[in-house]
Amino acid sequence: QGQLVTSGGGSVQAGQSLTLTCAISGNWFTIDTWGFYRQASGKEREFVAAIFTSGQINYGDSVKGRFTISRDVAKNTVYLQMDTLKSEDTGEYLCYIISEAQRGWGNALYWGQGTQVAVSS
């Protein structure tokens, strides 16, 4: 079992772009899902995007058409390209995976540390 390291956050103006990176290290028996949630101050955690081993991709309604999730299998890294950012995209972005970390453990959700995104209008 390893860890997830999220990077790429920052402060930008509305309309600009950022790319978040989630680097997954260590040994994981299987990983079924890679994705991102976000949490704004005082609000509940919100689903942003996920990519599955099948290739299926899901997006939260508030980011459809603006955000793109992708995965580099060789690097075991997931990317979240965020375009046309809005002030309401501000928050802490957290990477996650759904993994059977070791054979026989069953699937579980693992979180990386968050990265802050601040969008000013």
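The values are calculated or read from the model by the stated rules, or taken from the named source; none is laboratory data. Note that the coordinates shown come from a computational prediction; the quantities given were computed from them, not determined experimentally. Cβ sites come from the backbone with ideal geometry, for glycine too, and all protein chains shown count toward neighbours. Surface accessibility is based on the protein's heavy atoms, side chains included, excluding ligands, DNA and RNA. Shrake-Rupley method; radii C 1.70, N 1.55, O 1.52, S 1.80 Å.
Summary of computed values
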read-out	value
Y93 vs. criteria part of a strand (DSSP E or B), in contact with an Asp or Glu (Cβ under 9 Å, 6 or more places away or on another chain) and within 19 Å of V119 (Cβ to Cβ)	no
Lone unmet requirement of (1) part of a loop (DSSP other than H, G, I, E, B); (2) surrounded by 15 or more Cβ atoms within 10 Å (Cβ to Cβ) for F47	(1)
Conditions (1) open to solvent by less than 10 Å² (accessible area, probe 1.4 Å); (2) in contact (Cβ under 8 Å) with a residue 40 or more places away in the chain; number of the one not met by K75	(1)
Every residue from the stretch 78-90 that is of a type outside the set (S, T, N, Q), open to solvent by 40 Å² or more (accessible area, probe 1.4 Å) and either in contact with a Lys or Arg (Cβ under 6 Å, 6 or more places away or on another chain) or assigned to a loop (DSSP other than H, G, I, E, B) (or both)	D83, K86
Residue in the stretch 43-53 that is under 18 Å from R71 (Cβ atoms) and of a type outside the set (A, V, I, L, M, F, W, C) present	yes
